[in-house]
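Report on the following structure.
The numbers here are math on the coordinates, done by the rules we state, and not lab data. Please read all numbers here as calculations on a predicted model, not as lab measurements. Reconstructed Cβ throughout: ideal geometry from the backbone, glycine too, with neighbour counts over all protein chains shown.
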Amino acid sequence: MTGKNIVILGGGIGGIVAANELRKKLPKNIKITLIEKNSTHSFAASYLWLMVDQRKADKITAPLNTLVSEGVDIIYEEAKSIDISSKLIQTENQKIDYDYLIIAAGAKLESKFLNMLDQDIHNFFTFEGARKLRDKLNQIESGEIVLLIEAMPYKCPGAPYEAAMLIADHIAKRGFNESVKVSLYTPEPQPLPVAGPELGNSVSQILESKNVRLYTDHQLTEVSERDKRIIFQNGAEQKYDLLIVVPKHVPPEVIGNSGLADESNWVPVDKNSLRTNAENVYAIGDVTSITIPGKWKPGKPMKLPKAGVFAHSQALTVSDIIASEILGKESKEIFCGDGFCMLEAGEDLAGFAYGDFFGEPNPKVKMKKLGKLWHLGKVLFEKWWLAPIGFTKSFYRMVLILGGKLLGIPIKL
Ligand SMILES: Cc1cc2nc3c(=O)[nH]c(=O)nc-3n(C[C@H](O)[C@H](O)[C@H](O)COP(=O)(O)OP(=O)(O)OC[C@H]3O[C@@H](n4cnc5c(N)ncnc54)[C@H](O)[C@@H]3O)c2cc1C
């Protein structure tokens, strides 16, 4: 059991959970190292609130080391490559060897639309993006706001729809709902195709009630910044005054030549154990590619959504598998595809979507009626996540678990 080195590449949602869980399960002589390029963690789910001025920027970030248990070594460097044959990670300044590797490096946003603020092209998928969009949304008094999903897959399948609802409310609250129009364009055939037609219809209806025009099956061809026009593959065009893009997601560079990716460039894993094709290498969260039953469009296989809730539960599963193996025990943990999401709808209301994403022949996902309770659940989750390790964090955890029990929702944190 001595001399084992566990390395976690990426200290976001999945990496933080895995590091803390492994530290809890394993004795001190097992080394746990977390490699993360950013020393400040920002909670992405809260970018939506930041964008509509419902959160201060400093309330949705925390120094990474306050979220990670004592006894985990954090290396604040960018990993440059993974050598699976020598079991080595090359960072900017050092080589780090591993016996077990968990890749939790997330998804990267393609930069094309990320630096076009002076052309009125914004985003809320980064901390800075959401902050700058907030300033813009606080100024706009007339014109067309267009939300555009550039490409599939993107993280958090509910986020663009939540954003549209929150923006519509924010504009209405500022008194400009007559002069500002909000629309959302997506290549998807419905909102959240992974969740089935019933949930998609519910979301479409909420959007309609807020006067958000929804255009499905619209795949982007190009954005003409010169005359602020979007052109779609089906020939449709849309003018904008403010364009909010959900940018194309790509795998992080470090996966590049590792030999771990498939033809999509994401990392395929066994859907229950999260094992990759390399010995003692696991991948969790957004960096993975997991095919699930169903098609999101004819000929397009459904993939497990890239979402924090899955990164989190996969981290718990992998930690249990690795810790059990090191301790010579049998792990009964599998990742079974269960997940949930609180879908913010504005006015402090949220829906709650939950279900079995591995369900056959299609994922079985249901949505509970909009209510304040689900919104409060999301707020509480945010508070728990960002609290430093200690008493307050444990208190929020207990409240979340108890609340889940009362509502019949098994919450594993
Ligand atoms: C606006 C928005 C709202 C969202 N809302 C929700 C929600 O309500 N519910 C939900 O479940 N999910 C939500 N998500 C999605 C969720 O944030 C992600 O799915 C989740 O963070 C994925 O976790 P991860 O660990 O795979 O990756 P991440 O959390 O992205 O972490 C990856 C980490 O790896 C680091 N990294 C990458 N490459 C390297 C390298 N080479 N060297 C060192 N470090 C590296 C990155 O800096 C990053 O910190 C939302 C996302 C956004 C953008």
Checklist entry - In a shell of Cβ-Cβ distance under 15 Å around residue 348, excluding residue 348 itself, what net charge do Lys and Arg (+1) and Asp and Glu (-1) give? => result 0
Checklist entry - Measuring from centroid to centroid over Cα atoms, what is the spacing of segment 234-277 and segment 26-94 in Å? => result 20 Å
Checklist entry - Tell me, what is the FRET efficiency for residue 334 and residue 80 to the nearest 0.05, using R0 = 35 angstrom and their Cβ-Cβ distance as r? => result 0.60
Checklist entry - Using the C-alpha atoms of the chain, what convex hull volume per residue, in cubic angstrom, is computed? => result 141 Å³
Checklist entry - Looking at segment 176-280, which GluC sites (Glu not before Pro) are in a loop (DSSP not H, G, I, E or B) and have at most 15 other Cβ atoms within 10 Å? => result 178, 225, 263, 279
Checklist entry - So which chymotrypsin sites (Phe, Trp or Tyr not before Pro) in segment 1-109 end up in coil per DSSP with only 16 or fewer other C-beta atoms within 10 Å? => result 76
Item to check | Formal net charge of residues neighbouring residue 110 (Cβ-Cβ distance under 9 Å; K, R +1; D, E -1) | outcome: +2
Item to check | Sites matching trypsin sites (Lys or Arg not before Pro) across segment 129-199 that sit in DSSP coil, with at most 13 neighbouring C-beta atoms within 10 Å | outcome: none
Next on the checklist: In whole Hz and in residue order, list the ³J(HN,Hα) couplings for segment 79-94 that follow from phi through the Karplus curve 6.51 cos²θ - 1.76 cosθ + 1.60, θ = phi - 60°; x for Gly and Pro.
Outcome noted: 6, 9, 7, 10, 10, 6, 6, 8, 6, 9, 10, 9, 9, 3, 10, 8
Checklist outcome for this item: As a percent rounded to 5, the proportion of antiparallel DSSP bridges among beta bridges in the chain is 50 percent
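Restricting to segment 146-298, what percent of DSSP beta bridges are antiparallel, rounded to 5? Write out the running numbers ahead of the final one.
On the way: 8 of 21 bridges.
Approximately 40 percent, going by the DSSP bridge assignments.
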Checklist entry - Once the Cα atoms of helix 196-209 and of the chain are each reduced to a long axis, what angle between those two axes, in degrees from 0 to 90 to the nearest 10, is obtained? => result 40 degrees
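Counting Lys and Arg as +1 and Asp and Glu as -1, what is the net charge of the other residues whose Cβ lies under 13 Å from the Cβ of residue 13? Don't skip to the end; give the middle numbers.
Details: positive: 155, 306; negative: 21, 36, 286, 382.
With Lys, Arg at +1 and Asp, Glu at -1, the neighbours total -2.
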Next on the checklist: Multiplying the sequence separation of residue 394 and residue 88 by 0.36 nm and subtracting their Cα-Cα distance, what value in nm do you get?
Outcome noted: 106.6 nm
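Using the structure shown, list the pairs from 80/108; 24/393; 108/248; 56/112; 271/383 with a Cα-Cα distance above 19 Å, or answer none.
Values: 80/108 14 Å; 24/393 15 Å; 108/248 9 Å; 56/112 27 Å; 271/383 30 Å.
Checking Cα-Cα distances, 56/112; 271/383 exceed 19 Å.
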Item to check | Amide proton proximity set for residue 91, modelled H, under 5 Å, gap of 5+ | outcome: 80, 96
Item to check | Rounded if a/c under 1.5, otherwise prolate or oblate - segment 175-244, Cα gyration tensor axes | outcome: oblate
Item to check | Other-chain or far-sequence residues with amide H under 5 Å of residue 290's (modelled H) | outcome: 304
Checklist outcome for this item: Looks like segment 110-248, by Cα gyration tensor root eigenvalues a ≥ b ≥ c and the a/c under 1.5 rounded cutoff (else prolate when a/b is bigger than b/c, oblate otherwise), is rounded
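Which whole number in µm²/s is D for segment 346-413 by Stokes-Einstein, with the Kirkwood Rh taken over Cα pairs at 37 °C and 0.692 mPa s? Provide the component values of the computation, followed by the final result.
Working: Rh = 13.3 Å.
Answer, rounded: 247 µm²/s.
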Checklist outcome for this item: Checked segment 246-305 with the C-alpha gyration tensor, a ≥ b ≥ c its square-rooted eigenvalues, rounded below a/c of 1.5, otherwise prolate if a/b is larger than b/c and oblate if not; verdict oblate
Checklist entry - Points 7 angstrom from Cα along the Cβ direction at residue 69 and residue 110: gap in nanometres? => result 4.0 nm
Next on the checklist: Using only Cα atoms and rounding to the nearest 10 degrees, what angle (0 to 90) does helix 308-327 make with the longest principal axis of the chain?
Outcome noted: 10 degrees
Checklist entry - Going toward the positive end of the dipole of the chain, with +1 on Lys and Arg Cβ and -1 on Asp and Glu Cβ, which of 48, 68, 94 do you reach last? => result 68
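May I ask you to derive the FRET efficiency for residue 264 and residue 198 from their Cβ-Cβ distance with R0 = 25 Å, giving the value to the nearest 0.05?
After rounding, the FRET efficiency stands at 0.30.
Take the Cβ-Cβ distance between residue 297 and residue 39 as r, set R0 to 45 Å, and report the resulting FRET efficiency rounded to the nearest 0.05.
Working: r = 41 Å, r/R0 = 0.90.
About 0.65, to the nearest 0.05.
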